[in-house]
Amino acid sequence: MLWFLAVPVGLVALYVLIGRPWLRRHAPGFFATIEPVEIALWKKSETILWARLKMLSGVLLTILTQAGTIDLTPLVPFVPETYRPLVTTAVNMLPMSVTFVGFVDEWLRRRTTKPLELVAVPDNAPLEVSQAVAKADAAKIVAVATVQEAKAEGAV
């Protein structure tokens, strides 16, 4: 029954890691056709697509666990008797935890506004680096405002 979940996860992983970049380079016409779908469903963000796949996986695991198709309790005998009630509860909550992790991933992605290289700059960076980060922040603010204006006018 886990193949029901593993196959879509594998296909999405292949698409995100290999397929999408390959399509952009080698099949621009096809990519132009599917781009509006990507924008509508996951804002063309691989991380949002992956986060939503995690959420869907968690929901499906929860449903399958509740239906009795998947039983996670065989893991419990390996836990000392003292901790079994706590672990049993945690094991039963595991599928919904996957959903929660996906939700947090998407929320964090939506809050991400800088490239990783700029995020990793220490607070006590040299003056030149701090000025470059400030320039990048200002450019980002202008770019976001421009896109929002274009959307409001219906140009995008």
task: Pick out, from the range 1-52, the helices (runs of 4 or more DSSP H) lying fully within it that include 1 or more residues that are under 15 Å from the mean Cα position of the chain (by Cα) and either among the aromatic types (Phe, Trp, Tyr) or under 22 Å from Thr99 (Cβ atoms) (or both).
output: 3-14, 28-42
statement: If we ask which residues in the range 68-79 are at pLDDT below 80 and part of a loop (DSSP other than H, G, I, E, B), their number turns out to be 5
query: What helices (runs of 4 or more DSSP H) completely inside the range 84-156 contain at least 1 residues that are among the aromatic types (Phe, Trp, Tyr) and out of contact with any strand residue (DSSP E or B) (no Cβ under 6 Å at 6 or more places or on another chain)?
result: 84-111
statement: If we keep only residues of the range 80-124 that are small (Gly, Ala, Ser) and at pLDDT 85 or above, then the residue surrounded by the fewest Cβ atoms within 10 Å (Cβ to Cβ) is Ala120
- request: Output the residues belonging to the range 57-67 that are crowded, with 17+ Cβ neighbours inside 10 Å and either without any contact (Cβ under 8 Å) to a residue 60 or more places away in the chain or at positive phi (or both).
  value: Ser57, Gly58, Leu60, Leu61, Thr62, Thr65
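The values are calculated or read from the model by the stated rules, or taken from the named source; none is laboratory data. Note that the coordinates shown come from a computational prediction; the quantities given were computed from them, not determined experimentally. Cβ coordinates were reconstructed from backbone atoms using ideal geometry, including for glycine residues, and neighbour counts include every protein chain displayed.
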